[in-house]
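K.L.:
I have a structure here, written as structure tokens, and I will follow up with some questions on it.
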Amino acid sequence: MSPLWLPPQQSGLYAVMIPGWRLLMFHPVHFGHADDLSSATVLKRHPKYGYWLTLAGSDWNLYVAVHEMRGSTQAQRRAAYDELLALPFAATRGPAHAQL
């Protein structure tokens with residue numbers, strides 16, 4: 001079966017999310033940055049992938065949002081990542097949703 005979405009072969013930031021209790025509401029469970037967002041190590045080979053699947057229940061309930069940063073350096077991505085983590089997240093509740 002063909003995947004519904006393929007990540008871009010670009011550098012950038014990403015967020016792994018699971019569905020919330022309301023329709024079209026998602027809870028972030030991880031934020032990260034990568035040289036190549038299409039790399040298997042970003043999602044399926046990430047050390048916390050099994051934990052994310054436990055929270056989501058299945059692959060179909062695991063969502064990824066990306067912000068492409070074409071041509072960015074690791075320092076630029078790290079600065080954007082740090083700025084993202086400094087934002088208050090009112091939608092995150094409990095230890096399962098606060099794992100960043």
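K.L.:
For G20, which sequence-distant residues (separation of 5 or more, or a different chain) have an amide H within less than 5 Å of its own amide H, given hydrogens modelled in the peptide plane?
P.N.:
Amide H neighbours of G20, under 5 Å, 5+ apart: M25, F26, H27.
K.L.:
Let me ask you something else. Find the Cα radius of gyration of region 12-97, compare it with 2.2 N^0.38 Å by division, and give the number to two decimals. All intermediate terms of the calculation are to be shown ahead of the outcome.
P.N.:
Values: Rg = 13.2 Å, N = 86, 2.2 N^0.38 = 12.0 Å.
Cα Rg divided by the expected 2.2 N^0.38 Å: 1.10.
K.L.:
Compute the length gained on full extension between W5 and T73: take 0.36 nm times their separation in residues and subtract their Cα-Cα distance, giving the result in nm to one decimal.
P.N.:
Details: separation 68, 0.36 × 68 = 24.48 nm, distance 2.54 nm.
Result: 21.9 nm gained on full extension.
K.L.:
Then there's this: Below 15 angstrom from the Cβ of D36, what's the summed charge of the other residues (Lys, Arg +1; Asp, Glu -1)? Write down the numbers at each step before the final one.
P.N.:
On the way: positive: K44, R45, R70, R77; negative: D35, E68.
Every neighbour counted, the sum reads +2.
K.L.:
Right, another one. Using the 10 angstrom Cβ neighbour count as an exposure proxy, how do M69, M25, M17 rank, fewest first?
P.N.:
Working: M69 17, M25 10, M17 22.
Ascending Cβ contact count within 10 Å gives the list M25, M69, M17.
K.L.:
Once amide H atoms are placed 1.01 Å from N in the peptide plane, what residues at a sequence separation of 5 or more from H30, or on another chain, have their amide H within under 5 Å of its amide H?
P.N.:
V16
K.L.:
Just to be sure I understand the model, the point goes 7 Å from the Cα along the line to the Cβ. What's the resulting S58 to S38 distance in nm?
P.N.:
A separation of 2.8 nm, rounded to one decimal place.
K.L.:
Continuing with the same structure: With only Lys, Arg, Asp and Glu charged, each at its Cβ (+1 for the first two, -1 for the last two), find how big the charge dipole of region 12-97 is about the Cα centre; round to the nearest 20 debye.
P.N.:
Numbers: 8 positive and 6 negative charges, 37 e Å.
With Lys and Arg at +1 and Asp and Glu at -1, about 180 debye.
K.L.:
In percent, how large is the relative contact order of the chain, given Cα pairs closer than 8 Å and 6 or more residues apart? Spell out each step's value before the answer.
P.N.:
Values: 139 pairs, mean separation 36.6, N = 100.
Relative contact order comes out at 37 percent.
Laboratory data are not the source of any read-out in this text; all were calculated from the coordinates shown. What you see is a predicted model; the values in this text were computed from it and never measured. In this analysis, Cβ positions are derived from the backbone assuming ideal geometry, glycine residues included, and neighbour counts consider all displayed protein chains.
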